Every structure is written in structure tokens, then in C-alpha cells.
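Asks: Encoded as C-alpha cells, here's the structure I'll be asking about.
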Amino acid sequence: MELRSHIPDGPLAAKWERHRSEIKLVNPANKRKHHILVVGSGLAGASAAASLAELGYRVSCFCFQDSARRAHSIAAQGGINAAKNYQNDGDSVFRLFYDTIKGGDFRAREANVYRLAEVSARIIDQCAAQGVPFAREYGGLLANRSFGGVQVARTFYARGQTGQQLLLGAYQALSRQIGIGTVQMNPRAEMLDLVVIDGRARGIIVRDLVTGAVSAHAGDAVVLATGGYSNVYYLSTNAKGCNVTAIWRAYKRGATFANPCFTQIHPTCIPQTGPHQSKLTLMSESLRNDGRIWVPNKKGDTRPPHQIPEEERDYYLERLYPSYGNLAPRDIASRRAKEVCDEGRGVGPGGGGHGVYLDFRDAIARLGRQVIAERYGNLFEMYQRITGEDPFQVPMRIYPAPHYTMGGLWVDYNLMTTLDGLYAIGEANFSDHGANRLGASALMQGLADGYFILPYTIGDYLAQAKAPKVDAEHPAFRHVQGEVDERVRRLLAASGRKTVDAFHRELGRVMWDKCGMSRNAAGLKEAIGRIGALRDEFWRDVYVGGKGEDLNQSLEHAGRVADFFEFAELMCHDALHREESCGCHFREEYQTPEGEARRDDERFGYVAAWEFAGVGKEPVLHKEPLAFEAVHLAQRSYQ
């Protein structure tokens, strides 16, 4: 297998426009002849399905929620980046590009990141035209705030519910196409496998989550917009339904999986309160604009925060990173929070807990309670409902938690995987964020891929593919559907004693301890052994219950956890092979004397794309070298 990125020639700033002017086009009358399957209805999936249908393609969109409005994009809080320079503070397309490359610790493809920065401004225009209620300044202009890892204010926002408002904008565009018949929406339908014919993706197998019926769907191209895999850790900020199944099935059918160990641990989440919890809650990074992060100077200090005087507080991010302060990038802020808690200076019930303070006392005194309420009111309310503590009166307690995954299916410049006709967009691909995503860039990538990139590039493939028409009666569809039926039958036939959730918890604990915020060779090797043993035990001793021809949420969960077990091994394998620290991938053996990540550009300056070699066989590593022309490789510094 050869990884061909298809990056256009020419200067970096001209690549995308030149590429758009040179790619093949599909005649408007011929677009109606092409059927595209879009899996996922979040920001990437909904915007792609709506845009493709608007262009004239026939589109079928699938989601496992009861409505496209319930996709996990709705949970994004803080904002979306765009290089509009409304604040006249020195922002530019190049600065957004450089901040993203640097934030990802120089492990992303230069051309893709520049294109993302280039189209970012159009996203804001598109969404404002749709009626997305972005926050505005007193004079009516769109407001901005800052996020981690940057020194400008380029983030557009709608209080603490930006993802919800952007998704409603994409959903109304999608609903229009559903209404005129150009998009067929298939809710409560989970993709369980991919159908490949003669090396091309030609369809999917889905299960109706209400009736249990398994069906096949054929098309000329398949677009996966199925999000990330943070739920491999069990506890994460992701919705409970988020899973790896769609992209994992694509991997096992021939698509390579890139950088699976690049997983982001978000620094501002509500700490876990006990073993009963099944999910963690995000507190937006935007809170770090006005909140100050600190812990007591003394270990085991159990005094309430208001009784700890200023001189006995350690504002450790402001001390270590004076140029960025509390808005240091997520990977750095998370590691430093873990560090002070491991020292015994964490806060929470009983003292020495897993938490640090996020304190708004100074901001309230400077700006007034009303201003802070206008900026963060719904976030404060959410925190108070969950913890019973009022952030206006006492500091928030926060701790890092799994949140986003930079790894995903390998894609070229056109967002096509190593399987012809299979595209991956949004969080499902690896392309834009390297080893660490900057805050407010996930929404930017999802909408850039769906509105402004895929609608152009998919036509280039369809105009040249000349693939014969197939339908769901093709023998390949019957064969793959038979394999899906057999997997369902095997899960239902298991008559063990342990619940699916119990196995998922055990897997999550192994992954968090051995392949979480920090990793080392011994721990990763131990994890690979324990995951294999747990996977074998799962198939021997899991109890699913119920039947396949019905609503069966235990069966849904079992299928996803089975895929998590397989994927977790690849994730640890990737982390073990990458003998360097970069971004969120922190190998304890490879760090500077100051405790920062130490890259090895000579040995690991590449994208690691893994190919499935068969059951029981080691995955095959393919390398895409990363070349940098516009930026200078350097040790990241935020001091």
C-alpha cells in the first residue's frame, strides 16, 4: 500500500484555490445519477449531506439518534475559530494556520491545516446567514474571545452552547433537503459494516435500532462523519453512544487508521465523584478567559478556598507560562493539573483529591457579576446543578478528562481514505490537528469539511470513477450482511455472568491508567496483555440478553465494546511504537528537564497509518513523512 496525499503543487497559500480550479467536475444533470451515503448527522455529516444534496446529488443520511439534532456536536460549548481579525489584534489566516500547526506539535499535514485556516472565515459568514445567534458586542458586531494556545481573540461563540446553535443551522439546511426529497434521512440506524467491491466502497450494512432489522444500502460513495472514540476510556465527555464501530469496520475492510494514540485530555471537566459515574461533564475552555486556576501551596491543605490567603495559593499555569497564563494549550494544562494533584495538592472532598480550582473571584470584582453571567451563565448553572456549588460564591473544581481524538482514518488532501470512494470527515479523520487540537477548532474542521471541502473533492472522484452500478442484491452485500448477522448472533448467544458495562469499565480503567495522560513502555506492554485477556473473557463471560429483532440497547452496547477491545490494542500498539513525546502523546521516557514533551522529528516526523493485516496478526505500519515549508520546526514554548 502506498500513501498518496495528493497535495497540490505551488505555494502554500495558493494550493486550495488552484486545486479547486483543476479538479474534475460532474455535470449538473449527471449529479442526479450519483447516490452518496453519509453516515453521521453532526456538524460534519449534516453540513455535508445538505451541501451535496443542494448540488444535485441523491443523498442518504444515517444516524443512530432519533433525530439529527441529537448528534454529539450539540454538546460543544465554547466557540468556533475563524481568521477574521475583527478585533484588529494581529490575527490572519497564516497566524491561525501557524497556531494550529504549533498547537498540534508539528504532527499535522501543512497543506490541510492551511486550507482549514483559509476557509474558516467563510464558515462564519455561512452560519450568520443561516441565523446562528452568535454573541455580539454592544454596537452589533460579532464578538470574539480567546482560547488556549493563542494570543489573539478569534473565537466566535453563542454563550456556552455554540455547538447546539451551529448544529441547528446545519440541521435546518439538512431539513430543507429532506423536505424537497433530495436527502433520505434514516434515524435510529447504526452502521455495522462497510461493503467494498473491486477495491471501492460501495455501500454499508445498518441495523435498525428499534426493530432490529439489518439492511443493506448501496451507493457510489460513502462518507463517514461518525466522530471520535474517546469512549474507549469509558469515562469521557462524549455522549454515551459515541463509538469507534463505523471507522473500525472501515479499517478492517482496508482503510488505514492514522495516529490512533493521539487522544486529547481536556483540562476543564467536572471531577469524577465516585465509581457510580458513567460519564463526565465538560466545562468550556472559554471559562479560562476569566477564571484563574490554582491549588494550595501546601500538600493536603483541606481548608475551604476562601480561607486560603493569596500568598498561599499557587497559580501554577500563570507561574509556568506567563505569556499564555491560564490559556496554555490543553495538553499542557492537563498534564500540569495531574502533576500538582499527584504531588498531593489537589482539591476536593477530604483534601488531596483529583481537582484544581477555577476561580472567578477576581473577574467578578473587575467586571461585575452581570457581565460574567452574560458570558457564562448557562455553564455556571450547569455546574451548580451537578455539584450543588455556586461558582459565583466558591471556585469551580475541575480535572482533566478524555474529550477529543485527533487520530482517525487516514485521508488524502481530498478527504478520501485509502479505499477509493470512502471519505472520512470531521473528527472521524486524522487530518488537521496533529498531536493536540486547539480549543474551538473541532467545530471549525467539521463545518469546513462538510460545507466547503468535501462538496468539491468528491466530485473529482465521481467524475473519474466510472464504476458499474450495483444494488443491495449484489453478492458482496449479501456476504457482508451475513457476517453482520453472525456477529449479532454470537453476541446474543453469549450466556455469561458479567454485564457489558462491567467489561467496558474495566477496559476504560486499563486505558486511562496505561494509555491516558501519560504513557510508558512497560505500562503499554502490560495494557496490551490485559486488553487481550479482557477481550477473551468478554466473549466467554458477557451477558447480553434479549433478542436481535427488537429494541435491545444491551446488544448495541455489546457490539460497540467488542470493537473498543480490538481498537484499544491498536491504540496502545501505536503509542508503544512512537518513542517520543508530542502534544497529548506524553511518553514519560521522553521529556525535557522541565517536564515538557520532547519530540524526535528525525525518527517520528511522520503520520503513522496502520493497515489491518488479518485477525491475530500484527497491523502493518505505513509512514507518511511530514514536510514543512512554511514553518520552522522548533520545541514548543508557551512561556
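Asks: Can you name every residue in segment 512-536 that is in contact (Cβ under 8 Å) with a residue 12 or more places away in the chain and closer than 23 Å to Leu192 by Cβ?
Replies: Passing the criteria: Ile531, Leu534, Arg535.
Asks: Still on this structure, I have one more. Name the one entry in Arg154, Arg107, Arg145, Arg115 that is outside the structural domain of Glu374 (by TED's automatic domain parsing) and open to solvent by 10 Å² or more (accessible area, probe 1.4 Å).
Replies: On inspection, the qualifying residue turns out to be Arg145.
Asks: Is it the case that some residue within segment 541-561 is in contact with a Phe, Trp or Tyr (Cβ under 7 Å, 6 or more places away or on another chain), of a type outside the set (Gly, Ala, Ser), assigned to a helix (DSSP H, G or I) and in contact (Cβ under 8 Å) with a residue 12 or more places away in the chain?
Replies: At the first step, the residues of segment 541-561 found to be in contact with a Phe, Trp or Tyr (Cβ under 7 Å, 6 or more places away or on another chain) are 542, 561.
Checking which are of a type outside the set (Gly, Ala, Ser) leaves us with 542, 561.
If we keep only those that are assigned to a helix (DSSP H, G or I) too, we end up with 561.
When the remaining residues are screened for being in contact (Cβ under 8 Å) with a residue 12 or more places away in the chain, the result is 561.
Checked against the condition, which is being in contact with a Phe, Trp or Tyr (Cβ under 7 Å, 6 or more places away or on another chain), of a type outside the set (Gly, Ala, Ser), assigned to a helix (DSSP H, G or I) and in contact (Cβ under 8 Å) with a residue 12 or more places away in the chain, segment 541-561 yields at least one hit.
Asks: So which of Ala502, Ala476 ends up being of a type outside the set (Lys, Arg) and either open to solvent by 30 Å² or more (accessible area, probe 1.4 Å) or without any contact (Cβ under 8 Å) to a residue 40 or more places away in the chain (or both)? Before you say what the answer is, go through the steps one by one.
Replies: On the way: Ala476 fails: either open to solvent by 30 Å² or more (accessible area, probe 1.4 Å) or without any contact (Cβ under 8 Å) to a residue 40 or more places away in the chain (or both).
On inspection, the qualifying residue turns out to be Ala502.
Asks: Go through segment 448-461 and give me each residue that's open to solvent by 10 Å² or more (accessible area, probe 1.4 Å) and either more than 15 Å from Ala170 (Cβ to Cβ) or among the acidic types (Asp, Glu) (or both).
Replies: Within segment 448-461, Tyr456, Asp460, Tyr461 meet the criteria.
Asks: So, one more: Asn289 versus (1) surrounded by 24 or more Cβ atoms within 10 Å (Cβ to Cβ); (2) under 25 Å from the mean Cα position of the chain (by Cα): which is the lone unmet condition?
Replies: So the condition that Asn289 fails would be (1).
Asks: Now for a separate question. If you go through segment 515-528, how many residues are open to solvent by 50 Å² or more (accessible area, probe 1.4 Å) and not aliphatic (A, V, I, L, M)?
Replies: Looking only at segment 515-528, we keep the residues that are open to solvent by 50 Å² or more (accessible area, probe 1.4 Å), and these are 522, 525-526.
Narrowing further to those that are not aliphatic (A, V, I, L, M): 525-526.
Final tally of qualifying residues: 2.
Yes or no, residue by residue, for (1) part of a strand (DSSP E or B); (2) open to solvent by 10 Å² or more (accessible area, probe 1.4 Å); (3) hydrophobic (A, V, I, L, M, F, W, C); (4) closer than 17 Å to Gly446 by Cα:
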residue: Ser5; (1), (2), (3), (4): no, yes, no, no
residue: Lys15; (1), (2), (3), (4): no, yes, no, no
residue: Asn30; (1), (2), (3), (4): no, yes, no, no
residue: Lys33; (1), (2), (3), (4): no, yes, no, no
residue: Ser51; (1), (2), (3), (4): no, yes, no, yes
residue: Phe64; (1), (2), (3), (4): no, yes, yes, no
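Asks: Give me the pairs: first residue in segment 614-635 and under 27 Å from Ile101 (Cβ atoms), second residue in a loop (DSSP other than H, G, I, E, B) and open to solvent by 70 Å² or more (accessible area, probe 1.4 Å), beta-carbon distance under 7 Å, and six or more apart or on different chains, which are they?
Replies: His622/Met1
Asks: Which of the residues that make up segment 321-361 are over 23 Å from Ala440 (Cα atoms), in a helix (DSSP H, G or I) and open to solvent by less than 50 Å² (accessible area, probe 1.4 Å)?
Replies: Scanning segment 321-361 gives Val340, Cys341, Gly344, Arg345.
Asks: In segment 120-142, what count of residues is obtained for those that are buried (at least 18 other Cβ atoms within 10 Å of the Cβ) and of a type in the set (Phe, Trp, Tyr)?
Replies: 1
Rundown of residues vs (1) in the same structural domain as Met283 (by TED's automatic domain parsing); (2) open to solvent by less than 30 Å² (accessible area, probe 1.4 Å); (3) under 20 Å from Gly149 (Cα atoms), yes/no style:
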residue	(1), (2), (3)
Val295	yes, yes, no
Lys299	yes, no, no
Pro304	yes, no, no
Arg319	yes, no, yes
Glu381	yes, no, no
Gly388	yes, no, no
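Asks: Across segment 582-613, which residue is surrounded by the most Cβ atoms within 10 Å (Cβ to Cβ) among those that are among the charged types (D, E, K, R) and modelled with pLDDT under 95? I'd like the intermediate steps shown before the answer.
Replies: Residues of segment 582-613 among the charged types (D, E, K, R): 587-589, 594, 596, 598-603, 611.
This time we only want the ones that are modelled with pLDDT under 95, so: 594, 596.
Working: Glu594: 8, Glu596: 18.
Taking the candidates together, the pick is Glu596.
Asks: Restricting to segment 66-77, and then to whatever is assigned to a loop (DSSP other than H, G, I, E, B) and open to solvent by 10 Å² or more (accessible area, probe 1.4 Å), can you tell me which residue is nearest to Gly227 (Cα to Cα)? Walk me through how you get there before you give the answer.
Replies: Narrowing segment 66-77 to residues assigned to a loop (DSSP other than H, G, I, E, B): 66-67, 71, 76-77.
From the residues that got through so far, the ones that are open to solvent by 10 Å² or more (accessible area, probe 1.4 Å) too are 66-67, 76-77.
Numbers: Asp66: 17, Ser67: 16, Ala76: 13, Gln77: 16 Å.
Across segment 66-77, the extreme among qualifying residues is Ala76.
The values are calculated or read from the model by the stated rules, or taken from the named source; none is laboratory data. These numbers were taken from a predicted model, which means no experiment stands behind them. Please note: Cβ atoms are built from the backbone with ideal geometry, for glycine as well, and neighbour counts cover all protein chains shown. To get the accessible areas, we keep the full protein, side chains included, count just its heavy atoms, and leave off ligands, DNA and RNA. Shrake-Rupley method; radii C 1.70, N 1.55, O 1.52, S 1.80 Å.
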